[in-house]
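For reference, the structure is listed below as structure tokens.
The values are calculated or read from the model by the stated rules, or taken from the named source; none is laboratory data. Since the model is a prediction, treat every value here as computed from it, not as a measurement. Positions of Cβ are generated from backbone atoms using ideal geometry, with glycine treated the same way; all protein chains shown enter the neighbour counts. When the accessible area is computed, the model is the full protein with side chains, heavy atoms only, and any ligands, DNA or RNA have been set aside. Shrake-Rupley method; radii C 1.70, N 1.55, O 1.52, S 1.80 Å.
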Amino acid sequence: MAPSSMAPQVQFVLLFSRQGKLRLQKWFNASTLKEKKRTARELITAILARKPKMCNFLEWKDLKVVYKRYASLYFCCAIEENDNELLTLELIHRYVELLDKYFGSVCELDIIFNFEKAYFILDELLIGGDIQETSKKNVLKAVSAQDMLQEENETRSALEELGLPS
Amino acid sequence: MPIPMRLKELIRLIRSCKTAAEERTAVNKECALIRTTFKEEDNEFRCRNVAKLLYIHMLGYPAHFGQLECLKLIASNRFMDKRIGYLGAMLLLDERQDVHILITNSLKNDMNNSTQFIVGLALCTLGSICSPEMSRDLANEVEKLLKSANAYIKKKAALCATRMVRKVPELSEIFIPVTRSLLNEKNHGVLLTAVALITEICTVKPDTMPHFRRWTPQLIRLLKNLIMAGYAPDHDVSGISDPFLQIRILNLLRILGKEDQECSEAMNDILAQVATNTESSHNAGNAVLYQTVQCIMDIKAESGLRVLAVNIMGRFLLNSDKNIRYVALKTLQKTISIDHTAVQRHRNTIIDCLKDHDISIRKRAMELSFALINESNVKTMIKELLDFLNRADSEFKPFATLRIFQAAIKYAPDKKWQLDTILQMLKAGGSYVNDEVVASSIHAVSESRDLHAYITQQLYFAMYADISKQPLAQVAIWCLGEYGDLLISGTVEEGSHKIDEDGVLDLLQSVLNDTVTSFITRAFTLNALMKLSTRFPKAAGRIKEVVARYTNSLDLELQQRSVEYSALFKSYDTLRPGLLERMPRIGKNDGTEAPVSADATTSGQANDLLDLLGDDIPSMQPTQPQNNRGNALLDLLGSSSNEDSVVQPVAAMPPEIPPLNIYDKNGLRIDFNFEKATINPDNTVQMTLNATNSTAFPFTDFVFQAAVPRSFQLQILAPSGAVVPPNNSGSITQVLKVSNPNKQNIRMRVKLSFNMNGNTIQDQGEINNFPAECN
């Protein structure tokens, strides 16, 4: 695990379904693929076993995990001992709001089929586990501007795929 | 070449698979196609293929073969390629990958791109995967971007810098000069990330704190502006103005105000303002209040402010929201050392939380409850905690039993209560009571002379009811061996049956016959039986026969004991009563203090344990009379058998690690004998110091101290005495345990002092020639 730091830092973000299927994973600390897989598997099991009325925090090994269920998806962030658990809940909520605005009442299928978009939004919210922007508007503006840039490329290659000159 | 499937088509295909096997087949087929396309160096569909690979990666299939393709995408000129390439780099690469070095150049190029989003992608990736080497290579580039006029780039660069400083603290110097201007920005993203950067620098380089403390007024102003500002839809979270930024600032204030009077005073007002004015009806407001309390508790705040903070937590504790209760329990635990009485007021609520359905809450409540125990409440608290222990999750039991034991030792109003508590703890703790607690429990019993008969009887009945709990059985068996005679002669409580000699022996034999009994409990039992052979002279024949059964035991320790004890019955029967006399009170030094020490989870009492197991073996020499007899035994047995090993079980083990002479000066010789510890043999080595004196004068006030580097852990048990007798006529022993989780070469600094003939002699040095087998 990373050296303990006093700065608020999310160690990783996981999104998974009620069936325990991983929908998004973002790791901010170097660890092997095997460790990541094991951590994700064990955490998913531990969180799914918790009852709805319980608090949103789970002390798991040397991590503190903050999670929240939205419809069929669980959003989960691992933080450090000194971090603010309540604020982490706000961070999760912020991400959900952003997804919701971006997709227009988001559902699990949106995230499955557009998982890369879910990552792009997260990357405009967090860098290296720290929050970079507190304005929803700014995050969405940045994501859609980049979508525009990407679309220009896509249109061109779609035309090429059809054998048409761009 | 066919056109590769689109990402969405692949997702649909995989989702339509009915079984795991079907999914695997589909994925393998697609991976094979992707590999072929990669080999053909196709540029057109690389982006699409990598995107598919990222989906496959998320499903848990190997995707490392896409790493180089990500780098190629990053080097492409198309934005689409870069976007997926960087995403892939963040997901598939991490610090440990060698491919990594290759990415540094692309990052450097893109950080100078004219499109802000390309710079943004590069910074985001750098912030996510940067290694110490990358940090050193690119720190100057990041610093340049911190001075950019573009807020979008600035905020990302600031978090990149945060990450770099975390990896390589020396890089702070590059970033410190830029931080000042960042704090003058209006953009919340830049402010937020600037405060993060400063916080990180303060954390990794505490010597920079005086510099940043001078900015406290500015940080306070920032916070004030936030709470005074009117409604700003963009940064509002349920009525709280940018809680993310508020909390970042509060956290930095906490770090700056710690241990600094002047700085703390400057923030008193604003903290009071935040604490009183923040709306607590929503989570966001509570998050701010929670951070404010943490800040107040850590800085040198005014007492009024502290009262305010404890009251906020008291309110939190009564909140119906479990999350709020959780953070209240967590915070009160930190607060307890500052204001014990204020936390005591909430005792009943805290105890109620021990019964909560939620394990997270129970854990916090348990730790806090133990911290609350003092002389005046120990009886009620322990009652609740024993109750808790009875139904506790197994993961809590080792901790809870240890803490109950410590509290019983430290705060017991009387001896009887103390022993009753230990008994209840052993009953409820089952097999989760650790060896140290067992050894210390025995010690506590041995200390309470007037209650020997009482507690032995209680333990007898407890074990009679359930012989499967090894820790309980071990304590009970030890007591039966030592005080078995008192048990028979003592008065029996009404309602319970009369105990006779055969009953005790039957019970001990049933322990030996039980398949779940551990070797160590068996060893305890053999010892106890042996002791009872003198306490119950009529039963000696029966005991002799039972002990003899173990001469063929597969366990070396048991076999050895059995052989030795059988020899005692035969050739040295006259010595037996003397040898098996009641143990004197176990030395004061090594029992009462260590298990109550702060870091008690690691405080080992294996010293005691050895004493107890080998109570009639001279190697430990607990006290003088015992010692003499032990030596007699040594001589006698030594003459009957060719090897000393029969007598000294500890030495009988093949000497795996050669001993080391660490000191030989002024007539003092110190040797270390090594042995892998019984608990955690992989990384713990037990060193037994043996000090002898070849001069004609005794060495008094002998003190040996040692220290090890941080990567090791050292535990020094109490020495066998403070006087090294003259003319090599005796020695002092002391046990040191070194745990070495990283398997490095052990290094140790030692310091010793003693008094010879009125002169104090001191010396120190470093030992780094430990045998390799120690590591």
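Please enumerate the residues belonging to the stretch B:740-775 that are farther than 23 Å from B:Pro658 by Cβ and either surrounded by 14 or more Cβ atoms within 10 Å (Cβ to Cβ) or of a type in the set (Lys, Arg) (or both). Of everything in the stretch B:740-775, those that are farther than 23 Å from B:Pro658 by Cβ and either surrounded by 14 or more Cβ atoms within 10 Å (Cβ to Cβ) or of a type in the set (Lys, Arg) (or both) turn out to be B:Lys751, B:Ser753, B:Phe754, B:Asn755, B:Met756, B:Ile761.
Residues that are within 14 Å of chain A (Cβ to nearest Cβ), β-branched (Val, Ile, Thr) and either out of contact with any strand residue (DSSP E or B) (no Cβ under 6 Å at 6 or more places or on another chain) or open to solvent by 30 Å² or more (accessible area, probe 1.4 Å) (or both) are absent from the stretch B:397-408 altogether. If you check B:Phe461 against the conditions, is it farther than 24 Å from B:Arg364 by Cα, in a helix (DSSP H, G or I) and touching a residue at least 24 places away in the same chain (Cβ under 8 Å)? So B:Phe461 fits the description; yes. Taken over the stretch B:93-131, the criterion of being in a loop (DSSP other than H, G, I, E, B) and either open to solvent by less than 10 Å² (accessible area, probe 1.4 Å) or touching a residue at least 60 places away in the same chain (Cβ under 8 Å) (or both) is satisfied by B:Leu93, B:Cys130, B:Ser131. Filtering the stretch A:146-166 to residues that are surrounded by 13 or more Cβ atoms within 10 Å (Cβ to Cβ) and either among the small types (Gly, Ala, Ser) or outside any helix (DSSP H, G or I) (or both) leaves only A:Ser157. Between B:Lys383, B:Lys427, B:Lys379, the distinction of being closer than 30 Å to B:Ile520 by Cα, of a type outside the set (Val, Ile, Thr) and surrounded by fewer than 23 Cβ atoms within 10 Å (Cβ to Cβ) belongs to B:Lys427 only. Taking B:Leu426 as the residue in question, decide whether it is of a type in the set (A, V, I, L, M, F, W, C), without any contact (Cβ under 8 Å) to a residue 60 or more places away in the chain, touching a Pro at 6+ places or on another chain (Cβ under 9 Å) and not assigned by TED's automatic domain parsing to the domain that holds B:Ala476. Considered against the rule, which asks whether it is of a type in the set (A, V, I, L, M, F, W, C), without any contact (Cβ under 8 Å) to a residue 60 or more places away in the chain, touching a Pro at 6+ places or on another chain (Cβ under 9 Å) and not assigned by TED's automatic domain parsing to the domain that holds B:Ala476, B:Leu426 comes out as yes.
Among the residues of the stretch B:20-33 satisfying the criterion of being within 22 Å of A:Lys21 (Cβ to Cβ) and hydrophobic (A, V, I, L, M, F, W, C), which is nearest to the chain's Cα centre (by Cα)? My answer is B:Ala20. Somewhere in the stretch B:272-285, is a residue touching a strand residue (DSSP E or B) at 6+ places or on another chain (Cβ under 6 Å) and aliphatic (A, V, I, L, M)? Yes, the stretch B:272-285 contains a residue that is touching a strand residue (DSSP E or B) at 6+ places or on another chain (Cβ under 6 Å) and aliphatic (A, V, I, L, M). Here B:Leu183 clears all of (1) closer than 30 Å to B:Ser280 by Cβ; (2) surrounded by fewer than 23 Cβ atoms within 10 Å (Cβ to Cβ); (3) of a type in the set (A, V, I, L, M); (4) at pLDDT 95 or above except the condition numbered (4).
Taking strands (runs of 3 or more DSSP E) that do not extend beyond the stretch A:1-85, which have at least 1 residues that are open to solvent by 30 Å² or more (accessible area, probe 1.4 Å) and more than 9 Å from chain B (Cβ to nearest Cβ)? Even if it seems obvious, please write down each step before you answer.
Numbers: elements: A:12-17, A:22-27, A:57-60, A:63-70, A:73-79.
Once the strands (runs of 3 or more DSSP E) in the stretch A:1-85 are filtered for at least 1 residues that are open to solvent by 30 Å² or more (accessible area, probe 1.4 Å) and more than 9 Å from chain B (Cβ to nearest Cβ), what remains is A:57-60, A:63-70.
Return the residues of the stretch B:151-209 that are touching a strand residue (DSSP E or B) at 6+ places or on another chain (Cβ under 6 Å) and more than 9 Å from every other protein chain (Cβ to nearest Cβ); say none if nothing qualifies. Scanning the stretch B:151-209 gives no hits. Against the list (1) open to solvent by 50 Å² or more (accessible area, probe 1.4 Å); (2) among the basic types (Lys, Arg); (3) in contact (Cβ under 8 Å) with a residue 60 or more places away in the chain, the condition B:Lys737 fails is (1).
Within the stretch B:535-564, restricting attention to residues that are acidic (Asp, Glu) and over 13 Å from B:Leu505 (Cβ atoms), which residue is least open to solvent (accessible area, probe 1.4 Å)? The selected residue is B:Glu564. Quick one: would you say B:Leu289 is in a helix (DSSP H, G or I) and touching a Cys at 6+ places or on another chain (Cβ under 9 Å)? No. For the stretch B:709-721, indicate whether the set of residues that are more than 30 Å from B:Ser518 (Cα to Cα), in contact with a helix residue (DSSP H, G or I) (Cβ under 7 Å, 6 or more places away or on another chain) and open to solvent by less than 30 Å² (accessible area, probe 1.4 Å) is non-empty. No - not one qualifying residue is present in the stretch B:709-721.
Scanning the stretch B:696-708 for residues that are crowded, with 16+ Cβ neighbours inside 10 Å and assigned to a loop (DSSP other than H, G, I, E, B) turns up B:Phe697, B:Pro698, B:Val708.
One residue stands out in the stretch B:296-342 among those that are of a type in the set (Ser, Thr, Tyr) and open to solvent by less than 20 Å² (accessible area, probe 1.4 Å): the one that is nearest to B:Asp356 (Cα to Cα), namely B:Tyr326. Restricting B:Asn311, B:Asn225 to those that are away from chain A (no Cβ under 14 Å), within 30 Å of B:Glu143 (Cα to Cα) and part of a helix (DSSP H, G or I) reduces the list to B:Asn225.
Return the total of residues in the stretch B:511-533 being assigned to a helix (DSSP H, G or I) and open to solvent by 40 Å² or more (accessible area, probe 1.4 Å). Residues that pass the stated criteria total 3. Of all residue pairs spaced 6 or more apart or on separate chains, those with beta-carbon atoms under 6 Å, a first member in the stretch B:656-669 that is under 13 Å from B:Asn769 (Cβ atoms) and a second member that is among the polar types (S, T, N, Q) and open to solvent by 40 Å² or more (accessible area, probe 1.4 Å) are B:Pro659/B:Asn673. When B:Asn374, B:Asn323 are screened for being under 27 Å from the mean Cα position of the chain (by Cα) and either of a type in the set (Gly, Ala, Ser) or away from chain A (no Cβ under 14 Å) (or both), only B:Asn374 passes.
Note on the stretch B:272-291: residues that are within 34 Å of the chain's Cα centre (by Cα), closer than 25 Å to B:Asn184 by Cα and of a type outside the set (Val, Ile, Thr) amount to 1.
Pairs linking a residue in the stretch B:294-305 that is of a type in the set (Lys, Arg) to a residue that is open to solvent by less than 10 Å² (accessible area, probe 1.4 Å), with Cβ atoms under 7 Å and 6 or more positions apart or on different chains, are B:Lys300/B:Gly257; B:Lys300/B:Ser264. Applying the set (1) within 9 Å of another protein chain (Cβ to nearest Cβ); (2) not in a helix (DSSP H, G or I) to A:Glu116 leaves exactly one unmet item: (2).
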